[in-house]
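See structure below.
Any read-out appearing in this document is the output of simple, stated calculations on the displayed coordinates, not a laboratory observation. Computed from a predicted structure; not experimentally measured. Note that each Cβ is placed from the backbone with ideal geometry, even for glycine, and that neighbours are counted across all protein chains shown.
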Amino acid sequence: MHITLIAGARPNFVKISPIIHAIQAHNESTKPRIEYALVHTGQHYDKQMSDSFFDDLNIPAPDVNLNVGSHSHAEQTARIMVAFEAYLMEHATDCVLVVGDVNSTMACAIVAKKMNIKVVHVEGGLRSGDMTMPEEINRLVTDSISDYFFTTSEIANQHLKREGVSDDRIVLVGNTMIDSLVYSLDKIKKPDSIAGLNLDDYYLLTLHRPSNVDQQSQLLNLLQTVDRLANGRKVIFPIHPRTEAQISDKGVFKNIHFVPPLPYLEFLFLMKGASAVITDSGGIQEETTYLKVPCLTLRPNTERPETIEIGSNQLIGNDMNALAEALLQIQTGRWKESQIPPFWDGKASERIVHYLIKLLA
Ligand code: UD1
């Protein structure tokens with residue numbers, strides 16, 4: 001059996017790493033081997049957005065890098081499709097495995113399916129219901145053509161079933177992002193860029209969604225509010241290139257400490273020690289859930305509602321009063337202790353390999 005694994009953007013690297021390790025572990029102990037190739041689309045390409053993740057997560061060098069780079073959605077998607085089709089014509093495979101919801105996920109799923117190659121979607125079934133999010137479109141398209149789904153929650157299973165996917169094509173395995181987290185917790189590193197900061201009580205901030213950062217005045221307002229609500233505490237803000245491009249004067253924010261995008265192990269260090277994480281990311285809602293660090297999500301909706309139900313995450317949208325109230329709750333010890341969803345235990349990738357062998361036999 002030969003599997004082609006796809007990774008293109010930062011969160012993909014975190015999700016694919018433990019799957020590769022589980023395949024390697026399988027190959028060391030069990031026959032027949034699973035042959036595999038790793039394709040990096042090149043959607044993310046900066047050292048900080050890509051290479052450092054390969055190093056920190058011990059991911060083998062990709063077999064090929066399609067080097068597509070940054071473009072408009074249509075052009076990025078199209079370039080990935082053209083390059084991946086050419087690759088697949090030269091490199092036969094039984095199955096293409098995609099993770100998450102980025103443009104690379106959807107582009108490669110479409111190419112594989114049109115070449116009659118089985119498509120497996122890890123993290124299938126997530127739905128925000130928000131069609132203004134590019135990721136929601138990527139999720140819907142990918143799921144509408146995937147053959148098999150490895151899911152992170154029962155809610156995701158329900159979405160897929162409602163859309164007509166039969167039970168035998170869905171396996172609830174847990175969360176491979178949590179696998180990486182569990183694997184890495186004893187390797188976390190304090191970032192050099194925060195040397196000298198008081199780390200007793202700080203917030204961690206990340207923002208990169210077009211809806212929060214592409215309009216400069218809205219972004220600056222948001223940062224001013226966070227800066228004010230921090231009330232003297234430091235807010236550490238590893239800044240995504242897309243967001244950085246919008247901020248000309250970082251000096252106006254008293255409490256916000258801007259740092260470049262961080263390597264995975266350094267980011268985990270900051271997430272684990274934070275009093276709260278304020279974010280518009282998807283994956284961080286899950287990682288904070290495992291770490292039991294309160295997460296305040298600057299979005300009106302989430303494709304990860306289990307994190308809300310379980311109490312580790314609160315949707316803030318753009319309601320700054322809600323943000324103030326939530327931070328107050330956290331500071332005064334009124335934020336309730338939360339749980340960890342079933343199967344978010346570091347073993348999702350082992351389960352994926354186990355079921356892949358059965359499904360593709
Ligand atoms: C992408 C994903 C998003 C994911 C995020 C994680 C899509 C639609 N979006 O968003 O779901 O949460 O990755 O980081 O796939 N850039 C660089 N260096 C890089 C990569 C990007 O400077 O290595 C800059 C470029 O100016 C680029 C912009 O970031 O135009 C956006 O990059 P892109 O990959 O299009 O989307 P992200 O916002 O990173």
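Observations on the structure shown:
- For the residues T307, T225, T332, a GNM of the chain with alpha-carbon springs under 10 Å puts the largest fluctuation on T332.
- Build a GNM of the chain with springs between Cα atoms under 10 Å apart, and of A195, A78, A22 the one that fluctuates most is A195.
- Gaussian network model of the chain, springs between alpha carbon atoms under 10 Å - residue of A322, A61, A74 with greatest fluctuation: A74
- The trypsin sites (Lys or Arg not before Pro) of the stretch 140-190 that DSSP puts in a loop, and whose beta carbon has at most 15 other beta carbons within 10 Å, are K189.
- Of the trypsin sites (Lys or Arg not before Pro) in the stretch 256-361, those whose Cβ has at most 10 other Cβ within 10 Å and which sit in DSSP loop: R334, K336
- Where only DSSP H runs of four or more residues are counted, the chain gives -12500 deg cm²/dmol as its mean residue ellipticity at 222 nm, each run worth -39500 (n - 2.57).
- Note on the chain: along the principal axes its Cα atoms extend 58, 38, 38 Å, ordered by decreasing extent.
- As a length-normalised measure over Cα pairs under 8 Å and 6 or more apart, the relative contact order of the stretch 251-333 settles at 22 percent.
- Set of the stretch 221-238 residues, backbone N closer than 14 Å to the point 7 Å along the Cα-Cβ line of H257: 232-238
- Orientation-averaged projection of the stretch 171-277 equals 8.1 nm² [convex hull of Cα atoms, one quarter of hull surface area].
- With the convex hull constructed from alpha-carbon coordinates only, the stretch 24-121 shows a mean projected area of 6.8 nm² over all directions.
- The stretch 265-298 versus the stretch 11-69: alpha-carbon centroid distance in Å: 24
- In whole angstrom, the stretch 23-62 maps to an equivalent ellipsoid with semi-axes of 26, 12, 5, each derived as √(5λ) from the alpha carbon gyration tensor and ordered largest first.
- Note on the chain: with charges restricted to the Cβ of Lys and Arg (+1) and Asp and Glu (-1), its dipole about the Cα centre is near 260 debye.
- C-alpha center-to-center spacing [the stretch 203-258, the stretch 109-173] in angstrom: 33
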